[in-house]
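Reading through the structure tokens given below for one structure.
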Amino acid sequence: MQRTEQDGVVISCDFCQTDWDGQSAMIEGHHGSVICLECLKKALEESVSGEGKYQCTLCLRINIPASLPRWHFPHRPEKLVCQECLHQAAKAMSKAEHVDWTWKR
Ligand SMILES: [Zn+2]
Ligand SMILES: [Zn+2]
């Protein structure tokens with residue numbers, strides 16, 4: 001997500017809320033939503049099917065069926081990300097030259 005401060009626009013991960021340092025790897029979703037590499041790694045391991053339909057913070061789809069695994073940062077259950085976004089982000093991160101990480105399915 002983005003917010004404007006005195007020095008300009010600050011970008012931070014929508015999930016862990018860490019501010020971007022201008023260097024670390026992050027993937028953008030729709031409307032300025034962002035997931036950082038650390039969250040992405042965790043999410044790929046920990047995403048699970050839940051109960052009820054949900055909305056994804058990155059692709060903004062609503063009514064995502066419960067069967068599609070989701071993830072949220074600990075203690076921030078209101079921000080969910082769907083597994084499709086996670087897989088897309090993981091592919092993009094793996095291809096990015098400046099990112100020293102490759103997704104192993
Ligand atoms: Zn994060
Ligand atoms: Zn999504």
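For the chain, with all protein chains in place and a probe radius of 1.4 Å, 48% of the accessible heavy-atom surface sits on carbon or sulfur. The residues of region 19-101 present an accessible area of 60 Å² per residue when probed at 1.4 Å with all protein chains retained. For the pair HIS31 and SER94, label points projected 7 Å from Cα toward Cβ lie 3.0 nm apart. Taking Cα atoms only, the orientation of helix 37-46 departs from the longest principal axis of the chain by about 10 degrees. Straight-line reach from LYS53: which lysines fall under 29 Å, measuring Cα to Cα and dropping same-chain residues less than 8 apart? By straight Cα distance, LYS53 reaches LYS41, LYS42, LYS79, LYS91, LYS104. Residues within the reach of a label modelled at VAL9 (point 7 angstrom out along Cα to beta-carbon, backbone nitrogen below 20 Å), restricted to region 21-49, are 21-37. Over region 2-95, Cα pairs under 8 Å with separation of 6+ residues give a relative contact order of 22 percent. Stretched out straight at 0.36 nm per residue, the stretch from TRP20 to GLU46 would grow longer than its current Cα-Cα span by 7.1 nm. Taking amide H as placed 1.01 Å from N in the peptide plane, the amide H of LEU58 sits under 5 Å from that of CYS82, each at least 5 places away or on another chain. For the chain, the 222 nm mean residue ellipticity estimated from helices alone, with every DSSP H stretch of n ≥ 4 adding -39500 (n - 2.57) and the total spread over all residues, rounds to -6500 deg cm²/dmol.
The values are calculated or read from the model by the stated rules, or taken from the named source; none is laboratory data. This structure is a prediction, so every number in the text was calculated from the model and none was measured. A quick note on method: Cβ atoms are made from the backbone with ideal geometry, for glycine too, and the neighbour counts reach across all protein chains shown. Accessible surface areas use protein heavy atoms only, side chains included; no ligands, DNA or RNA. Shrake-Rupley method; radii C 1.70, N 1.55, O 1.52, S 1.80 Å.
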